[in-house]
Amino acid sequence: MSDHYYTQKPGVKHDRQTHQAELNGYSFKFITDAGVFSKSGVDYGSRVLLRALELDVNAKVLDVGCGYGPIGLTAAKLAPEGHVTMIDINERAVQLSKENAALNGIANVEVLQSDLYDAVKEKRFDAILTNPPIRAGKETVHRIFEEGYELLVPGGKMWVVIQKKQGAPSAEAKLQSLFGDVEEVTKDKGYRIYMATK
């Protein structure tokens, strides 16, 4: 399957749907579409990450690989005095995240199309959140960790959800080599949540 969600222009036919989701005590409506990650509703890994997530109310946050927006938009609710930048390579995902921000009345977000961190290299963040695109391969996932480290302020945190069978041990080792301070915050049904502090 060569055409998947980690692609700039998904070639699959549109199949727009609206889903309700309850995340961290907030009710959301999400428009999803074919060609984006987890189009049939918010995936379990993202839910586990959000349940573990702690943000300051004024945090500057980056959501890497935002898809149609569940992680970034929830983060915007958790940091109402802060700002969330959401990036994805997939133009369909970017458009959906913009629509979903408007649909849920969330204004403290910016959504950018970006190949990895290209669009945000000049910015600095208190927190980076990612449910990394495992299908894009280990090299891409490790670049998310490496290049993200550079964009965090001192004391900034990278939050990562990854399944044990999809490479959690090597992801943890990579984070450890970069950050030196990595905590497994929680695990649930094979998903691991890592919080790496710069």
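Just a few scattered comments:
- When the test is whether a residue is modelled with pLDDT of 95 or more, closer than 14 Å to LEU62 by Cβ and assigned to a helix (DSSP H, G or I), ILE144 passes it.
- Qualifying residues in the stretch 140-176 (those that are of a type in the set (Gly, Ala, Ser) and over 24 Å from ASP115 (Cα atoms)) - the one surrounded by the fewest Cβ atoms within 10 Å (Cβ to Cβ): GLY155
- Number of residues in the stretch 11-39 that are touching a strand residue (DSSP E or B) at 6+ places or on another chain (Cβ under 9 Å), part of a loop (DSSP other than H, G, I, E, B) and more than 18 Å from ASP88 (Cα to Cα): the value is 2.
- For the criterion of being modelled with pLDDT of 95 or more, assigned to a loop (DSSP other than H, G, I, E, B) and either surrounded by 13 or more Cβ atoms within 10 Å (Cβ to Cβ) or of a type in the set (Asp, Glu) (or both), ASP3 fails.
- Of the numbered criteria (1) in contact with a strand residue (DSSP E or B) (Cβ under 7 Å, 6 or more places away or on another chain); (2) more than 19 Å from ALA52 (Cβ to Cβ), the one ARG143 fails is (1).
- On the stretch given as the stretch 35-60, residues that are closer than 25 Å to THR18 by Cβ, modelled with pLDDT of 95 or more and among the aliphatic types (A, V, I, L, M) total 5.
- Test: residue in the stretch 156-172 that is in contact with a His (Cβ under 8 Å, 6 or more places away or on another chain) and not hydrophobic (A, V, I, L, M, F, W, C): no
The values are calculated or read from the model by the stated rules, or taken from the named source; none is laboratory data. Note that the structure is a prediction, hence the values are computed from the model and not measured. Cβ atoms come from the backbone with ideal geometry, glycine included; neighbour counts cover every protein chain shown.
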